[in-house]
Amino acid sequence: MGHRRWPHIRHELLPNNRYDEARGERESAYQGRYRVTGNTIEYWDDTGFTADGEFIDGVLYHAGMVLRRKSSTR
């Protein structure tokens with residue numbers, strides 16, 4: 001049985017507590033709202049699905065994934 005490879009996931013936090021999530025080459029997969037309280041971020045997409053994550057030392061842990069901010073080398 002082969003390993004499943006997850007597509008690249010991008011979260012963009014937009015003005016007015018909106019977010020956009022893109023997966024792989026798709027420009028947009030989900031859109032919704034978010035709220036940050038301390039080290040916790042809560043999401044609820046426009047279809048009603050909810051999720052949350054926790055920031056630990058600047059890294060976001062969300063739905064079993066570890067999301068790190070891409071660093072710029074410019």
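Here, each number is a calculation from the coordinates, and none is a lab measurement. Note that the structure is a prediction, hence the values are computed from the model and not measured. All Cβ positions, even for glycine, are placed from backbone atoms using ideal geometry, and neighbour counts span all protein chains on display.
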Full extension from Val66 to Asp52: what is 0.36 nm times the residue separation minus their Cα-Cα distance, to one decimal in nm?
3.8 nm
Expressed in nanometres to one decimal, the distance between label points 7 Å along Cα→Cβ at Glu21 and Asp45 is 0.5
